[in-house]
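Here's the structure we're looking at; comments come further down.
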Amino acid sequence: MTIITSRQFNQNLSEAQKQVTNGPVVITKYGEPNLVLMSYEDFQKGQTKGQLSIADALADTNPESEGIEFELPKRSHAQRPKVVF
């Protein structure tokens, strides 16, 4: 799965379109996932099955990436934005 920023997406649309052949492309905004670009074929698969789950849409189908472990470090309370009501 490819992850790019919205700026990269806007500046290089053709590269993002090429990356879709390898699986969904996640487009981030301010460091957070915002959009997913996927092939029409993948979209149709989701439509014919009913609903494509987010897990299926983001599943990495590249066999070379099997066995790669990824852990996000826990955020401390200091990193969490304060909630204002």
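The values are calculated or read from the model by the stated rules, or taken from the named source; none is laboratory data. Worth saying up front: this structure is predicted, and the values here are computed from it rather than measured. Here Cβ is always computed from backbone atoms with ideal geometry, including for glycine, and neighbour counts include all displayed protein chains.
Details
- The set of residues in the stretch 24-34 being in a strand (DSSP E or B) and surrounded by 13 or more Cβ atoms within 10 Å (Cβ to Cβ) consists of VAL25, VAL26, ILE27, THR28, ASN34.
- Annotation: of all residues in the stretch 5-23 being at pLDDT 90 or above and not in a helix (DSSP H, G or I), the one that is farthest from the chain's Cα centre (by Cα) is ASN12.
- Matching residues, the stretch 5-14, being surrounded by 14 or more Cβ atoms within 10 Å (Cβ to Cβ) and either out of contact with any Ser or Thr (no Cβ under 7 Å at 6 or more places or on another chain) or over 26 Å from PHE70 (Cα atoms) (or both): GLN8, PHE9
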